[in-house]
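For reference, the structure discussed in these notes is given below.
All of the numbers you see were taken from the coordinates with simple rules; none came from a lab. Remember, predicted model here, so these are calculated numbers, not experimental data. Note that we place each Cβ from the backbone using ideal geometry, even for glycine, and neighbour counts take in every protein chain shown.
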There are 2 protein chains.
Amino acid sequence: MLHALADSTRRDIVTHVLQGEHSVSSLARRYPMSFAAVQKHVAILERADLVRKRRQGREQLVSGNIAAVRDATALLSQFEEIWRARIDRMGEILAEPDHPEPNQGDPT
Amino acid sequence: MLHALADSTRRDIVTHVLQGEHSVSSLARRYPMSFAAVQKHVAILERADLVRKRRQGREQLVSGNIAAVRDATALLSQFEEIWRARIDRMGEILAEPDHPEPNQGDPT
DNA sequence: GTATCCTACAACCATATGGTTGTAGATCAG
DNA sequence: CTGATCTACAACCATATGGTTGTAGGATAC
């Protein structure tokens, strides 16, 4: 899923379809590449459930799925929590009465 | 940069080095792959500035760079803001007293 | 009906990825 | 010094990626 967002064209597509539905062809017109290339990008986003497609006549309207985007954001936020937990632990260590050498590594 | 995080092994490496410095070889021991493979993962994370390396004797100690992780999180958060902006606009439209029909002529 | 548009999918190519093994340079222990 | 360890880097392979073109089907317009 992060892989699906690790491409600027796909992030741009997500940006647009989060603001409203767009057909695949109207999206394709925005980028300097072939229709098939944009179609592939949309397929990758769809496989990651970042966008949904809805048929209307001969068009496929693409819309963004904010829930999946939130999942990705939450995944990255976990890193910040890990970091904060570490900082908290360091605070405890500094608060300890005596700690001559804070040795990190794993010499096992 | 998101690409660097779009791999579970690399996310796991980031998780660990955010909690403290680890040498490349001690990291390599955690995963069922060759030392060189882990070394490549670390190099990719380093290129994305998600981790830093510090030489100590014959070891290279890897530590996580929380700032870059925050940048990635902020990038994804923009999507949620775009989404909220759209919802706000929809709220305004629904709050309009008379709907903007394409009714130009006003025959008195 | 035919023509046109929108979409899907396949084949193909160049390049990047994730993994391997092997070699070589530094550094530390003896 | 020799030997062991940590690291870097190159070569190689299988596979996935991002792009292309071409073909085919479904829906609309005429």
Relative contact order of chain B, pairs being alpha-carbon contacts under 8 Å that are 6 or more residues apart, as %: 24
At least 15 Å along the helix axis (C-alpha) and Kyte average at least 1.0, DSSP helices within chain A: none
Alpha-carbon Rg/Rh ratio, for chain B, with Rh computed the Kirkwood way: 1.43
Per-residue average of Cβ from other chains inside 10 Å of B:71-77: 6
Solvent-free Debye scattering, log10 I(q)/I(0), computed from the Cα coordinates of the protein assembly as shown at q = 0.09, 0.14, 0.16 Å⁻¹: -0.52, -0.94, -1.09
Average beta-carbon neighbours from other chains, 10 Å sphere, peptide B:13-25: 3
In the range B:40-71, the trypsin sites (Lys or Arg not before Pro) that fall in loop regions by DSSP, at most 16 other Cβ within 10 Å: B:R58
Estimated 222 nm signal from helices in the protein assembly as shown, with DSSP H stretches of n ≥ 4 weighted -39500 (n - 2.57), rounded to 500: -18500 deg cm²/dmol
Inter-copy label distances at A:H3 (7 Å, Cα→Cβ; nm, one decimal): 1.3
The range B:4-57 - convex hull of alpha carbons, volume per residue in Å³: 76
